[in-house]
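Step one of this worksheet: look at the structure below.
The values are calculated or read from the model by the stated rules, or taken from the named source; none is laboratory data. For clarity, every value in this text was computed on a predicted model and none was experimentally measured. All Cβ positions, even for glycine, are placed from backbone atoms using ideal geometry, and neighbour counts span all protein chains on display.
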Amino acid sequence: MIMAGVRWGMDPAHRRRFGQPEYNENTWRFGLDRLLLGYAMPGETSELFGDVLPYDAAEGKDAAVIGKIADFCETLFSCVNRISRPMPPDEWKHVLLELAGHMIDSGRDLEYQHQFIRDTLQSMAQQAETAGFEEPLSIDVVLHMLTRRLTEEPSARGFLSGRVTFCNFLPMRSIPFRMICLMGMNDADFPRSRQAPGFDLVTKHPMPGDRSMRHDDRYLFLEALLSARNRLLITYIGQSIKDNSILPPSVVVSELIDTICDGFYPDGISSDVSGEERCAVMRRRLVITHPLNPFDTGYFDPNVPELFSYSDRYLEAANAGRAIKRDPPVFLKHMLPTGTDAVLVVSLGELTRFFSMPAAFFLQNRLGIYLDENFAGVDDREPVAPDALEKYFLGSFLLEKGAAGQAVEDIYPVVRAMGTLPPGTAGRCFFSDIMELVAPISQALAAETAFEPVEPVMVDFEIPGCRISGRIGDIRSHARVGATCARLNARRKIVFWIEHLVLNCLGIDGLARQSILIGRGNQGCERIVLPDVADRAPALLGNLVRIYRAGQKEPLPFFPETSYAYAHALLEDDAGSPQKAMKAACRKWNTGFAGSPGEADNPYVRKAFEGKNPLEDNGDDRETAFAGLALEVFRPLIDAENTD
């Protein structure tokens, strides 16, 4: 749904109700049309069908999921359109019963809840009929009535039907019990605060004798106190689930504690102590703070009698927790075994993906761990100010279409149909800005692609100990040409460098051995030219394959941006020192106050090097230490970049 461009609003008419412009982009109808049309026709050609650009993400099981989402949305849209207008109570009953039948599961286990909803709606309609009321009611009035009735759900069992009675907190139930438990006495929940509707004249003009829900709840609490003969147990949430901060109980519970502290002396406390100290001792005896986890060691500690548990399973977990040493956790203590094949078979895609981020490759491919921490849900705002990632996707699309020879005026309607542009004139201006950014890159790419194209080359060759397979495209008669609308960072360079080495290892007569990479620079575009290295390519590629093998056993301290910054600072001049190079590396490693996040904050890096500092030289194998890896991987690339 995110990639299909869904943001908010059912359709243009729905947006008009909120005083917003009637445009179709980024509505749910817009996204659903793209997904459903993408199931019927391909979207790679970027051809519009009735102003709709197909988004062909629906394949296999995804198609069934999209069908269910579309059915759910259609039901919801129909419901919203029907309940947005006032209706008589009897019509409300039929509409809401139909909605409940469509939206709520009707299994046997939920039959009681369904019947309760039906009875509530029937009661509402019956009362209106008895009173002769047939005026239309708005959704706000109906919602207020149903909320009050449904939240006062009666117990499914009779009152006083067993040894332990569970019941609602209602008046006239002040029957003496040996023990009474009041649960959920939170500050925000009791006494209840009544949210009066705007048409409630009693709330607007209170008179003596009017009922007060808060006063009624205080009286209920007093009745419960008088009904408890031997023990009274009160529970409440005392700590925040967000930051563990202290939360107060209900005001009536606080008043009860204050009354006990002021009127009683705890055993063992002299009358000479101050009142503040006496109250503190009494509070510690009255209030029991339970730990967050049920397997906390306090539940099984005889020195803490107020905490106890009967669970053997939690006792086992608590004993295991006591045995854990408090040393910093280390994610991987031993190397993983690798295959015993004499010749390693690796695809070109796997090799480039490994050097893009070895830590992520290790966790995903060797351990099957995927850390999807970047999913932020569906944004509910139009792309008024697209972020860097959206700019990159749009720039890449424009660069691809520009290279295909399409005119700008032909591309704009397609981009508009993608739902990535801000609405109105702002979207046109943003499109023009991206076009200005992409134009110099596209011009430089056009100059290189003017040479005769060469068919993609299938890769399948062997170097000592490894067989590499794959496919290399974007080859021209004079060089292999690649382009991106982003800056030429270290990750893009190392991927392009590996593909360049493979190209030079093929040894095909007449095949170009130069490689040109074009990207965004500080002014216009930037390009790097990698020379012919056919004589050294097998050895250089063999070194990278050896590092790849080592990276299958354990996470390697190689991080493209950080490692490139270290190697470049050390090799840029004769005065380069390890200290200076490490400072340059730390600027890429750590996240600054502004700019993109550092590689230290990559979730895969954090997990793979938990309990370690991968930039430190701990006396391990010099070839797999950070500095050694950075130089071994990037020294040949930096030398090739500096070749005239």
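Got a sec? Which of Gly402, Gly427 is at pLDDT below 90, buried (at least 20 other Cβ atoms within 10 Å of the Cβ) and in contact with a Pro (Cβ under 9 Å, 6 or more places away or on another chain)?
Sole residue among the options that is at pLDDT below 90, buried (at least 20 other Cβ atoms within 10 Å of the Cβ) and in contact with a Pro (Cβ under 9 Å, 6 or more places away or on another chain): Gly427.
Does at least one position in segment 247-270 carry a residue that is within 13 Å of Met185 (Cα to Cα) and among the polar types (S, T, N, Q)? Outline the logic, then answer.
Narrowing segment 247-270 to residues within 13 Å of Met185 (Cα to Cα): 247-256.
Of the ones still in play, those that are also among the polar types (S, T, N, Q) are 250, 254.
Checked against the condition, which is being within 13 Å of Met185 (Cα to Cα) and among the polar types (S, T, N, Q), segment 247-270 yields at least one hit.
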**Asked** So which residues in segment 549-591 are at pLDDT 90 or above, in a helix (DSSP H, G or I) and either within 14 Å of Phe354 (Cβ to Cβ) or of a type in the set (S, T, N, Q) (or both), if there are any at all?
**Response** Arg549, Ala550, Pro560, Thr562, Ser563
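Okay, residues lined up against (1) under 19 Å from Pro248 (Cα atoms); (2) of a type in the set (Ser, Thr, Tyr); (3) under 46 Å from the mean Cα position of the chain (by Cα):
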residue: Arg163; (1), (2), (3): no, no, no
residue: Arg178; (1), (2), (3): no, no, no
residue: Pro191; (1), (2), (3): yes, no, yes
residue: Gly198; (1), (2), (3): no, no, yes
residue: Arg231; (1), (2), (3): no, no, no
**Request:** Kindly indicate whether any position in segment 249-259 is of a type in the set (Gly, Ala, Ser) and either touching a residue at least 60 places away in the same chain (Cβ under 8 Å) or surrounded by 15 or more Cβ atoms within 10 Å (Cβ to Cβ) (or both).
**Result:** yes
**Asked** Given the conditions (1) β-branched (Val, Ile, Thr); (2) buried (at least 21 other Cβ atoms within 10 Å of the Cβ); (3) assigned to a strand (DSSP E or B), which single one is not true for Val533?
**Response** (3)
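In the set Pro440, Pro456, which member is touching a Gly at 6+ places or on another chain (Cβ under 6 Å) and loosely packed, with under 13 Cβ neighbours inside 10 Å? I'd like the intermediate steps shown before the answer.
Numbers: Pro440 fails: loosely packed, with under 13 Cβ neighbours inside 10 Å.
Going through Pro440, Pro456 in turn, the sole match is Pro456.
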**Item:** One residue from Pro291, Pro266, Pro248 being at pLDDT below 90 and either among the hydrophobic types (A, V, I, L, M, F, W, C) or out of contact with any Lys or Arg (no Cβ under 9 Å at 6 or more places or on another chain) (or both)
**Value:** Pro291
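Which one is modelled with the highest pLDDT, of the residues in segment 1-30 that are part of a loop (DSSP other than H, G, I, E, B) and among the hydrophobic types (A, V, I, L, M, F, W, C)?
Met10
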**Asked** For segment 460-483, does any single residue satisfy the condition of being buried (at least 17 other Cβ atoms within 10 Å of the Cβ) and part of a helix (DSSP H, G or I)?
**Response** no
**Asked** How about segment 487-527: which of its residues are aliphatic (A, V, I, L, M) and either at pLDDT below 90 or more than 30 Å from the chain's Cα centre (by Cα) (or both)?
**Response** Ile498, Leu501, Val502, Leu503, Leu506, Ile508, Leu511, Ala512, Ile516, Leu517, Ile518
**Prompt:** Which ones in segment 408-425 are of a type outside the set (Ser, Thr, Tyr) and touching a residue at least 60 places away in the same chain (Cβ under 8 Å)?
**Reply:** Pro413, Val414, Arg416, Ala417, Met418, Gly419, Leu421, Pro423, Gly424
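Ala417: under 24 Å from Asp11 (Cα atoms) and at pLDDT 85 or above, yes or no? First the steps, then the outcome.
On the way: under 24 Å from Asp11 (Cα atoms): yes; at pLDDT 85 or above: yes.
Against the criterion (under 24 Å from Asp11 (Cα atoms) and at pLDDT 85 or above), Ala417 qualifies.
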**Request:** Output the residues belonging to segment 128-144 that are out of contact with any Ser or Thr (no Cβ under 9 Å at 6 or more places or on another chain) and either free of Cβ contacts under 8 Å to residues at least 24 places away in the same chain or of a type in the set (A, V, I, L, M, F, W, C) (or both).
**Result:** Ala128, Thr130, Ala131, Gly132, Phe133, Leu137, Val141, Val142, Leu143
**Prompt:** Taking segment 200-238, which residues are over 20 Å from Cys181 (Cα atoms) and among the polar types (S, T, N, Q)?
**Reply:** Thr203, Ser212
